[in-house]
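The values are calculated or read from the model by the stated rules, or taken from the named source; none is laboratory data. Every value quoted in this text rests on a predicted model; they were computed, and no experiment measured them. Here the Cβ positions follow ideal geometry from the backbone for every residue, glycine too, while neighbour counts run over all protein chains shown. With ligands, DNA and RNA removed, areas are computed over all heavy atoms of the protein, side chains included. Shrake-Rupley method; radii C 1.70, N 1.55, O 1.52, S 1.80 Å.
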Amino acid sequence: MKFSISRDALLRPLNLVAGVVERRQTLPILSNVLLVLEGDQLSLSGTDLEVELVGRVKLAEPATTPGEVTVPARKLVDICKSLPEGSDIAFTVEESKVTVRSGRSRFTLSTLPARDFPSVEEGAGTHRFTIKQGQLKRLIERTGFAMAQQDVRYYLNGMLLEVKGGRLRVVATDGHRLAMCTLSEPIPVEEDIQVILPRKGVLELSRLLLDEAEDIAVVLGTNHLRATTTDFTFTSKLVDGKFPDYERVLPRAADKVIIGSRLDLRQAFTRTAILSNEKYRGVRLKLAPDVIEIVANNPEQEQAEEQVSVEYQGDTVEIGFNVSYLLDVLGVLSGEKVKLSMSDPNSSALLEESDDGDSLYVVMPMRL
């Protein structure tokens with residue numbers, strides 16, 4: 001197996017594929033990346049048995065000797081990064097070693113047999129659709145921050161993808177807040193389906209969506225999701241669990257509606273957060289006609305107060321929130337105005353763009 005490739009052409013897929021590879025592995029081969037050479041196409045694969053990523057790159061000229069080999073992912077990335085931009089790299093595989101040459105540099109890497117490289121099982125998918133990469137990236141960016149990180153309720157450590165009535169919707173929640181975004185255009189899928197993509201799968205898939213105008217083909221199966229672009233094939237196992245009924249969480253009788261400047265509120269929350277309790281991050285919101293007062297205290301008896309002019313006609317109400325959750329939402333919303341709806345100090349608040357937006361956010365109150 002022998003081929004040459006430019007450093008810059010190799011580095012982009014190699015970086016993404018190596019991102020899937022875990023640094024601390026129980027199986028040595030999982031620290032490696034699989035290189036497969038056929039004609040003028042080089043494929044690079046990385047996996048941690050849950051998520052698999054295959055990147056494809058065209059060579060300038062077809063290789064005379066095809067083949068496959070696995071090499072240490074992290075070392076190969078570091079070698080490629082350290083070489084000068086615009087340089088060419090020549091790979092030669094002999095026995096159980098790979099020689100990497102570029103200019104006056106020469107590296108010899110150990111290999112493991114390609115036949116031992118595992119692949120994430122792939123069944124036939126039941127649901128298929130194609131959307132723009134930019135649309136999928138928006139769905140993930142608008143909701144991903146609300147995923148749980150290491151919750152014992154393992155089904156919260158991921159993101160729900162739901163196809164219902166020809167609409168694609170993604171939902172994430174950690175039990176304290178919920179984020180939901182719905183694709184504005186219908187997709188041609190007749191049967192409804194719900195799947196949970198694990199947290200790592202969500203993060204890796206998001207990194208691939210670099211070309212917003214290009215298509216991505218998504219296949220959903222009973223236990224895997226596969227997404228394919230011209231340069232990559234991404235496969236992830238799904239979380240086997242039942243996602244909570246998120247529609248029950250959406251506040252129904254929210255009669256107190258505040259409309260305010262997204263930027264003004266975000267800046268006011270950022271300033272008051274400085275003096276909030278570092279552990280619980282609580283702030284008090286005091287609603288009065290046409291004004292919202294934000295107050296933060298901490299155990300050192302320090303206090304921050306902000307007043308923001310808003311559109312609100314209703315009773316005076318006092319309610320506590322985790323300020324980090326509010327800032328996360330205001331960070332992903334767009335538009336000048338934001339709409340905040342609630343019913344009483346003990347019920348959740350609903351945040352959305354004041355115009356017709358595609359996203360909804362629910363934040364649970366805090367007792368302060």
Using Cα atoms only, what is the angle between the long axis of helix 73-82 and the major principal axis of the chain, expressed in degrees (0 to 90) to the nearest 10?
-> 90
Solvent-accessible area per residue for the stretch 1-112 (1.4 angstrom probe, square angstrom) = 51
Loop trypsin sites (Lys or Arg not before Pro), the stretch 62-149 (other Cβ atoms within 10 Å of the site Cβ: 12 or fewer; DSSP) | Arg104
Label point 7 Å out from Lys286 along Cα-to-Cβ: which residues of the stretch 302-335 have amide N under 14 Å?
-> 303-308, 316-320
Pull up the cross-link candidates among the aspartates and glutamates for Lys237, meaning alpha carbon to alpha carbon under 17 Å and not fewer than 8 places away within one chain.
-> Glu22, Asp48, Glu50, Glu52, Glu121, Glu122, Glu162, Glu204
Would you work out the charge dipole size for the stretch 151-197 about its Cα centre, treating the Cβ of every Lys and Arg as +1 and the Cβ of every Asp and Glu as -1, and quote it to the nearest 20 debye?
-> 180
Treating the angle as unsigned and between 0 and 90°, give the value, to the nearest 10°, between the Cα long axis of helix 133-143 and the longest Cα principal axis of the chain.
-> 50
How many nm separate the modelled label positions at Arg56 and Glu305, each set 7 Å beyond the Cα in the direction of the Cβ?
-> 6.5
Under 17 Å from the Cα of Lys337, which lysines turn up, not counting those fewer than eight places away in the same chain?
-> Lys256
A 1.4 Å probe over the protein heavy atoms gives the chain a carbon and sulfur accessible-area percentage of 46
Label-point gap, in nm, between Ser119 and Glu141 - each point 7 angstrom along Cα→Cβ | 3.4
Would you mind pulling out the separation of the Cα centroids of the stretch 132-160 and the stretch 70-121, in Å?
-> 34
Between 0 and 90°, nearest 10: helix 323-332 axis offset from the chain longest Cα axis = 60
Over the stretch 207-304, give the accessible area per residue in Å² for a 1.4 Å probe, as an integer.
-> 52
